[in-house]
Structures are given as C-alpha cells and as structure tokens.
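Below: the structure, in structure tokens.
The values are calculated or read from the model by the stated rules, or taken from the named source; none is laboratory data. Here the structure is a predicted model, which is why all the values come from computation and not from measurement. Cβ placement follows ideal geometry from the backbone for every residue including glycine, while neighbour counts extend to all protein chains displayed.
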Amino acid sequence: MKKKLLFVFFIFCCLISFSQEIDSLYIARVDSLLSFRPKSYDQIDRLLKPHNKDSIYLRYLFDRFAKANYPSGESYAYNMMGIHCRNTTQYPKAIALHKQAIEKAIEADNIELRVVGLNMLGVVFRRKDAIRTALDYHHEALTLAENINPPTKSIKQSIAVSLNSMGNIYLTLKQFDLAIQKFSRSAIIETDVNNRLGLAINHQNIGYAKESIGNLDEALKDYRMSLAFNEAINSMIGKVICYNSIGRVYVKQKKYQQAIDIITPILENAKDLRDKFHLTRVYNNLGRAHIGVNDFKKARFYLLHALSTAKEHNFMSSIEDAYNHLSLLSENENDFKQALFYHKKAQEYNDKISNDKNFQYVTDLLIKYDTEKINNQLKVLEKENEIVKLKLRRDRTIWLISSIILMLLILLVYILYRQRLLNNEKKILTLEQDMLRSQMNPHFIFNSLNSIKQYIISKEQKNAVYYLNKFAKLIRKILEASRVKEVSLAEELETIDLYMSIENIRFSNEIDFQVQVKDQIELEAIKIPSMILQPFLENALWHGLSSKKGEKKITLEINRDKKDFVTIIITDNGIGRRAAQRIRRNKTIKRKSIGVEITKTRLANFVKNFEHTFTLQFKDLKDKTNQASGTQVILQIPLKH
C-alpha cells in the first residue's frame, strides 16, 4: 500500500510543469538548512516559507533532503505538499503525504513536526467530515504539544491549530459552547505569537458558533474582525469565507438582497480557489438568498451547482445544506413531494455526520482527554517531587562532604601557616645567634681586652678605665640588641660609636671616624635591625684600612634623598676591594667573613611585609690617576610606617 501511494505521488509530481527554474537564493537557503540541520519547525519554515505553496520548489526539497538524509526537512516537505493537495481537494494524496511526514518526524525524533503532521491529518479528515478520525488526530497532537515545556513558538501555534480544529468539530456536532471555548483559547495563543492568519480563522469560527446559537449581531462583529485581519494579510481565501459568512447572516436576518450584493462579487474568486469546499458554501448561500427574493430559477441553478460540486468532492456537510435548501425551494414552488425527498436526503447526511454515537464518542473523548491531562500532570508532579528529593539528598551530601573538605583544608592551611611561622622564627633565631656570634667574636673580645691591658701595663689608668667602660657598654648593648628585632637609628649610631672607639684602640687611634646626619632626619623615629651596620664597618677596618699606610678615614653619612627610604653611606679611604682580596688570598690562615651575608638575610626578613625592599650597593672609589682610593657602601632601607 505504501509503495502504491508513493507511486501515485510520483505520477502526480511528474504531471507538474517543470518550466519554472529554482532561483539561486532558494538553493542557498536549502544549502544553509543542510549545513545546520535545524529541527525546529520555525527555523525551517522561516527560510522556505516564500515558496512552500509551489509544487516545483517542494519537489526540489524532496530530492535534496532525501539525498542528504535530513528527515526533519523531509517531514516539513511532506507536510507542505500535503497542505497543497488538501487545498486542491486531493484528500487521499494529502492523507498519504501527511502520514509520510509523521513517519519522517518519528525517524528524526522531532515532536514539533510530528504534532504539525497530526494536526494537518486532522484538518483533512475534518474536511471529509470523518469526525472521529479528525478528533483522534487533533487530540493526539494536542496531548503531545501540551507535554512540551517550555513550548516553542511552533508548538504554541500547533496547540492553537489543534484547539481550532477541535472547535470546528464541535461546530459540526452542534456543541457550540464547547466550540467557542476552544476557539477563544486558540485566539489567545495566536495573539501571543502575533499570528494574524490564526486570529482571522478563530474570529471567523467564533462568529459561526455565535451565528448558530442565534446571536447574529455578535456574529457579524466577529466576521468583520476576521475580514479586517484577512485584508491586512491579503488572504483571498479568507476574504471569500468572511464575505460569504456575512452574506449568510444577512440571509438569516432576511436581508436577502444585501446578501446577494455581498456574495455575488466573490463567486468568481471562489471559483478560482483550488479548495472547492468554500465554493460549495458560496453556491449554497447564493441559492438560499435567491429563494428569499423569489428568484427560484437562479436559486435552483446555484443549489444544483452546490450539490454537484459537494458530491464530486464528498463534502457531506455541504451536501446536507444543498438538500435542505432544495427542500425549501421545492416547498416554495408547492412541490411538496420533491420537498419531502430532499428533506429526507438532508436528514440522511445529517445522520451520517452527527449521530448519537458521535456525541457519545465526543463526551468519552473529553473525559479521556481530561483524565489523561490530569494523570500526566500528576506524573510530572511526582517526577518533579522525586527530582527535588534527590536534589535535596544530593545537596545535603555535597554540603556535608564540602564541609569536611573545607575543615580539612582550613586545618591543613593552619598547620602549614604555623609551620611557616615556626620556620621563620627558627630562621630569625638562627640569624640572631649568628649575628651575635659575629659581633662577639672571640678575637674581637680578646684583642679589645688585650689593648686595654696595654694601657694598664703602661700605667695609663685614665685611658684604661675610659676604654674599659666603653667596652662594657658595648657588650651590654650587643646583649640587649640580641633580645629585640629592631632599634632606633639613634641607638644604632650610639652602639656603632662604641664599637669604633674600641676598634680604634687597636689602630692606635689613627682612624678618623665621622658620622654625618642631615638636620631634618629624626633618628629616634627611624627603625632598623640592631647592629646592622657593624659588618660593613668591620670590613672597612680590617680589609680596607688595616693594610693602608698614612691617613685612615671612615665616614658614615645618613640622609633621606628618597621619600620612603633612609640612605646610609659608609665610605672608607682604604686600599679597595681588589687589593684586599689579593692580601686575603696570600694569607696562610683565611678567615671566612659571613657578616655581610647574614646582614642581607636579616634585612630581607625585616622588609618582607613592607611596600618596598632594601638595596645594597658597593662602589670602588678611584683617584685622579685611576688608582683605588677606597670603598663606598650604599644601603637604602625602606621606612616602616
């Protein structure tokens, strides 16, 4: 059966003229679709809509999408061709094509296009007055569409189509209140998605329902609103339907001539429509209006055309209307026997369309639909509840694990921090011990005391007492400084003065030691590590001046030429670093000097939390003949705010 339908479709396509060429822009759009392969109906329709009523372009789509194995595109093409066949009253072909569209949508796992296919099948069966089948398809489409959350624009429009189609079925079954409810819900959705065609259709249908319950003035308002939308979008089929409906209301209001005047101009337009369903209704209404003005000849002409066209395409509701109007015409012509015949025929078709079983079926379907909807909502709520429970359980577990990990991390960070503090403290203590050992060098103490002893032996008691007091003060200051991390610059200079006085004894007081301080510097406010200058002075004495003949001079200059720094410059006029290194290399006993390196480490530890760091620079001084004339140490220490 499937192969036969495909063969019929192939023959149909072959009969179409191929003189029209596919324009390059359309080909580019198809290529774009095949590149991205969207599954959304809106995305596909947006590109292909300008030509989705042209069979040549639709056949091109079939070929391209089939070769590219793009089932969503094939489903769209099948639906568009199905609509084309429906609008040309080729219902069997339309049904076959829409079923193919549904199969392709299932293959692509595309619910949107499946819903579109189901709705289009429902519309075709409604045109054929197959009420149960139409309702089944629309109900299935509506159930699928309402379970998609959040709904896309296409899904919203599909829901609107389902509601509109179900409303039309209720119209057929004369359940007008239910029909108005469906149309009104559909119109709300169409307003939301700004679909003027959908609004035109829904207002037309609401007008028909109101007309059917006798509310003719309200019906006219809805028909005219629908006409305004159709004129805005320039829909010929929509204008034909609206003018025909307004004319039918005029007939019911017994304004027969007005009905003829408004319907007659659209007859030719109705004939041009491929969908002959609306032509049968125009014929029926013109026939009824001419009965009203007693023009029985024209009335019969139009009614017989309505009947033959409706029978040709099996429009059962139009056949019923034609027989009813022919019965009325025969009655007006006093041919009561023929009137009875037509009346029985009309009743026969009415029974086929809407019998008690159909009414019961609709009632059962409504109950089934509401029950399914409630069950689906309950299932969704149960799933959501279970998801919430799982999320809460998962969140609780994650929170507990995270808390434990966080506590462990905090503990680990604390341990590492404490370890670092302990290491720093240990390092500082080690440095202080090294510095103390450096400053209280046994050679220095022995030599100092030995020099004082010489004063005693020489009976220079005043000098002996003077320097012994200085030595005692120096030892006391060194011991006091070992207990603190920083001292004022004033205290440091006092200690250095004592140190230089003791050391100068051994040089027979030949060293000229001078301290130069800029007036604006507050020595008490500036903090530095204790005994930080002693290693540099020791180097100047024993490496720079000890081997020098003649004048021996050391200058210690303090200034603040930079805003956040204190600069200490120690200058000696010794033999220079290069000559001192040569002398050290030639000595049999080599003493390792570690004082400067310890000082650098102490300074680095002192300024580690400061904004700036310290700098230490050694300069070799030269005289006019480019001979070494001493060494200069430039130490810049950042100020502690």
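Give me the pairs: first residue in region 265-294 and without any contact (Cβ under 8 Å) to a residue 24 or more places away in the chain and basic (Lys, Arg), second residue surrounded by 24 or more Cβ atoms within 10 Å (Cβ to Cβ) and not in a loop (DSSP other than H, G, I, E, B), beta-carbon distance under 9 Å, and six or more apart or on different chains, which are they?
Lys271/Leu279; Lys271/Val282
For region 62-103, give me each residue that is on the phi > 0 side of the Ramachandran plot and not β-branched (Val, Ile, Thr). Even if it seems obvious, please write down each step before you answer.
Within region 62-103, the first condition is being on the phi > 0 side of the Ramachandran plot, and the residues that meet it are 69, 89.
Once the filter is applied, which keeps residues that are on the phi > 0 side of the Ramachandran plot and not β-branched (Val, Ile, Thr), region 62-103 yields only Asn69.
Can you find a residue in region 228-240 that is in contact with a Lys or Arg (Cβ under 6 Å, 6 or more places away or on another chain), under 22 Å from Thr88 (Cα atoms) and touching a residue at least 12 places away in the same chain (Cβ under 8 Å)?
Taking every residue of region 228-240 in turn, at least one turns out to be in contact with a Lys or Arg (Cβ under 6 Å, 6 or more places away or on another chain), under 22 Å from Thr88 (Cα atoms) and touching a residue at least 12 places away in the same chain (Cβ under 8 Å).
Take region 135-162 and flag every residue that is hydroxyl-bearing (Ser, Thr, Tyr) and within 14 Å of Leu113 (Cβ to Cβ). Steps first, please.
First, the residues of region 135-162 that are hydroxyl-bearing (Ser, Thr, Tyr): 137, 143, 152, 154, 158, 162.
Within region 135-162, Thr152, Ser154, Ser158 qualify.
Rundown of residues vs (1) under 60 Å from the mean Cα position of the chain (by Cα); (2) farther than 19 Å from Ala134 by Cα; (3) among the hydroxyl-bearing types (Ser, Thr, Tyr); (4) at pLDDT below 75, yes/no style:
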| position | (1), (2), (3), (4) |
| --- | --- |
| His290 | no, yes, no, no |
| Asn294 | no, yes, no, no |
| Glu331 | no, yes, no, no |
| Asp335 | no, yes, no, no |
| Ala339 | no, yes, no, no |
| Tyr349 | yes, no, yes, no |
| Asn358 | yes, no, no, yes |
| Val362 | yes, no, no, yes |
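Go through (1) modelled with pLDDT under 75; (2) surrounded by fewer than 11 Cβ atoms within 10 Å (Cβ to Cβ) for Arg394 and report which single condition fails.
It fails just one condition, (1).
Checking the structure you have, find out if any residue of region 207-216 is in a helix (DSSP H, G or I) and under 43 Å from the mean Cα position of the chain (by Cα).
Quick first cut of region 207-216, residues in a helix (DSSP H, G or I) only: 207-212, 216.
If we keep only those that are under 43 Å from the mean Cα position of the chain (by Cα) too, we end up with none.
No, there is no match, as no residue in region 207-216 is in a helix (DSSP H, G or I) and under 43 Å from the mean Cα position of the chain (by Cα).
Within region 601-627, how many residues turn out to be farther than 19 Å from Ile575 by Cβ and more than 55 Å from the chain's Cα centre (by Cα)?
So the first thing to find is which residues in region 601-627 are farther than 19 Å from Ile575 by Cβ, and the list is 601-617.
Now restrict to residues that are more than 55 Å from the chain's Cα centre (by Cα): 616-617.
Adding up the residues that qualify gives 2.
Any idea which of (1) in a helix (DSSP H, G or I); (2) under 28 Å from Asn573 (Cβ atoms) is the one Ile456 doesn't satisfy?
(2)
Applying the selection to region 496-525, what residues are touching a Ser or Thr at 6+ places or on another chain (Cβ under 9 Å), surrounded by fewer than 19 Cβ atoms within 10 Å (Cβ to Cβ) and hydrophobic (A, V, I, L, M, F, W, C)?
Those that are touching a Ser or Thr at 6+ places or on another chain (Cβ under 9 Å), surrounded by fewer than 19 Cβ atoms within 10 Å (Cβ to Cβ) and hydrophobic (A, V, I, L, M, F, W, C): Phe507, Val515, Leu523, Ala525.
Kindly indicate the residue of region 89-134 that is out of contact with any Lys or Arg (no Cβ under 6 Å at 6 or more places or on another chain) and outside any helix (DSSP H, G or I) and also surrounded by the most Cβ atoms within 10 Å (Cβ to Cβ) among those meeting that condition.
Residue satisfying both the conditions and the ranking: Asp129.
Give the residue, chosen from Ala160, Ala179, Ala187, that is modelled with pLDDT of 90 or more and not charged (D, E, K, R). Give the steps one after another, and end with the answer.
Details: Ala160 fails: modelled with pLDDT of 90 or more; Ala179 fails: modelled with pLDDT of 90 or more.
Only one candidate passes the filter, namely Ala187.
Identify all residues within region 497-528 that are over 18 Å from Gly550 (Cβ atoms) and part of a helix (DSSP H, G or I); write none if there are none.
Scanning region 497-528 gives Asp497, Leu498, Tyr499, Met500, Ser501, Ile502, Glu503, Ile505.
Among the residues in region 494-515, are any on the phi > 0 side of the Ramachandran plot, hydrophobic (A, V, I, L, M, F, W, C) and in the same structural domain as Asp564 (by TED's automatic domain parsing)?
Going through region 494-515, the residues on the phi > 0 side of the Ramachandran plot turn out to be 508-509.
Still in the running and hydrophobic (A, V, I, L, M, F, W, C): none.
No - not one qualifying residue is present in region 494-515.
Regarding Tyr137, is this residue out of contact with any Pro (no Cβ under 6 Å at 6 or more places or on another chain), surrounded by 22 or more Cβ atoms within 10 Å (Cβ to Cβ), hydroxyl-bearing (Ser, Thr, Tyr) and closer than 28 Å to Ile319 by Cβ? If you could, list the steps in order and put the result at the bottom.
Values: out of contact with any Pro (no Cβ under 6 Å at 6 or more places or on another chain): yes; surrounded by 22 or more Cβ atoms within 10 Å (Cβ to Cβ): yes; hydroxyl-bearing (Ser, Thr, Tyr): yes; closer than 28 Å to Ile319 by Cβ: yes.
In short, yes.
Being out of contact with any helix residue (DSSP H, G or I) (no Cβ under 8 Å at 6 or more places or on another chain) and in a loop (DSSP other than H, G, I, E, B) is the filter; apply it to region 529-553 and report the residue that is surrounded by the most Cβ atoms within 10 Å (Cβ to Cβ).
By that ranking, first place goes to Lys548.
Would you confirm whether or not region 433-452 contains a residue that is at pLDDT 75 or above, surrounded by fewer than 10 Cβ atoms within 10 Å (Cβ to Cβ) and in the same structural domain as Asn605 (by TED's automatic domain parsing)?
Checked against the condition, which is being at pLDDT 75 or above, surrounded by fewer than 10 Cβ atoms within 10 Å (Cβ to Cβ) and in the same structural domain as Asn605 (by TED's automatic domain parsing), region 433-452 yields no hits at all.
Identify, by number, the condition in (1) in contact (Cβ under 8 Å) with a residue 40 or more places away in the chain; (2) under 28 Å from Lys608 (Cα atoms); (3) of a type in the set (Val, Ile, Thr) that Thr495 doesn't meet.
Here Thr495 meets the rest and fails (1).
In region 47-76, what residues are within 34 Å of the chain's Cα centre (by Cα), within 20 Å of Asn87 (Cα to Cα) and part of a loop (DSSP other than H, G, I, E, B)?
Asn52
Is it true that some residue in region 506-516 is touching a residue at least 12 places away in the same chain (Cβ under 8 Å) and more than 25 Å from Tyr467 (Cβ to Cβ)?
First pass over region 506-516, keeping only residues touching a residue at least 12 places away in the same chain (Cβ under 8 Å): 506-507, 510-516.
Then drop every residue that is not more than 25 Å from Tyr467 (Cβ to Cβ), which leaves none.
For region 506-516, residues touching a residue at least 12 places away in the same chain (Cβ under 8 Å) and more than 25 Å from Tyr467 (Cβ to Cβ): absent.
Since Leu173 meets every condition but one in (1) over 26 Å from Lys276 (Cβ atoms); (2) surrounded by 18 or more Cβ atoms within 10 Å (Cβ to Cβ); (3) out of contact with any Gly (no Cβ under 8 Å at 6 or more places or on another chain), which condition does it not meet?
Single failed check for Leu173: (1).
Go through (1) touching a Leu at 6+ places or on another chain (Cβ under 9 Å); (2) at pLDDT 90 or above for Glu268 and report which single condition fails.
So the condition that Glu268 fails would be (1).
Quick check on my filter: what residues within region 293-351 are in a loop (DSSP other than H, G, I, E, B), among the hydrophobic types (A, V, I, L, M, F, W, C) and surrounded by fewer than 16 Cβ atoms within 10 Å (Cβ to Cβ)? Even if it seems obvious, please write down each step before you answer.
So the first thing to find is which residues in region 293-351 are in a loop (DSSP other than H, G, I, E, B), and the list is 293-295, 314-315, 333-335.
Then keep just the ones that are among the hydrophobic types (A, V, I, L, M, F, W, C); that gives 293, 315.
Hit for region 293-351 is Val293, nothing else.
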